[in-house]
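Structure record follows, encoded as structure tokens.
The values are calculated or read from the model by the stated rules, or taken from the named source; none is laboratory data. Quick caveat, the model's predicted, so the values are computed rather than measured. Reconstructed Cβ throughout: ideal geometry from the backbone, glycine too, with neighbour counts over all protein chains shown. Only protein heavy atoms, including side chains, enter the accessible area calculation; ligands, DNA and RNA are left aside. Shrake-Rupley method; radii C 1.70, N 1.55, O 1.52, S 1.80 Å.
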Amino acid sequence: QVHLVESGGGLVQAGGSLRLSCAASGTIYSINPMGWYRQAPGKQRELVAMITNVDNTNYAESAKDRFTISRDNSKKTVYLQMNRLKPEDTGVYYCHLDRFGTPYWGQGTQVTISS
């Protein structure tokens, strides 16, 4: 069984930065994609960024040039560095893992950006 625990959310002013972390427990592999999704109030959950290994990343258009996803396979942890934050980045950020077709989700961490 795999469990994901996010941390690092909070309240920051527009233009600020946050770093989210997601630590996995259980057996996972570096080829298992891990990613971050965001759910804003009243909206569907959407992909923010995903990483399959060190060099293979994918970003939502809104996250490009501002966010960086990375992972430390030795710690089974994925990170999301978020810079130049905007109020529209507000939402609950969920960590996601695809373990050979089985999805796992964290409990979410709230990110609130004030204008």
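Report whether or not residue 84 is in contact with a strand residue (DSSP E or B) (Cβ under 8 Å, 6 or more places away or on another chain), of a type in the set (Lys, Arg) and under 19 Å from residue 114 (Cβ atoms).
No.
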Sort out which residues of region 80-104 are open to solvent by less than 10 Å² (accessible area, probe 1.4 Å), at negative phi and free of Cβ contacts under 8 Å to residues at least 60 places away in the same chain, and write them in order of number.
89
Restricting attention to region 42-63, does a residue exist that is closer than 17 Å to residue 114 by Cα and either surrounded by fewer than 19 Cβ atoms within 10 Å (Cβ to Cβ) or polar (S, T, N, Q) (or both)?
no
Considering only residues that are assigned to a loop (DSSP other than H, G, I, E, B) and either open to solvent by 90 Å² or more (accessible area, probe 1.4 Å) or closer than 15 Å to residue 96 by Cα (or both), which ones fall in region 11-41?
26, 27, 28, 29, 30, 31, 32, 33, 41
Which of the residues spanning region 61-113 are part of a strand (DSSP E or B) and among the hydroxyl-bearing types (Ser, Thr, Tyr)?
68, 70, 77, 79, 93, 94, 102, 104, 109, 112
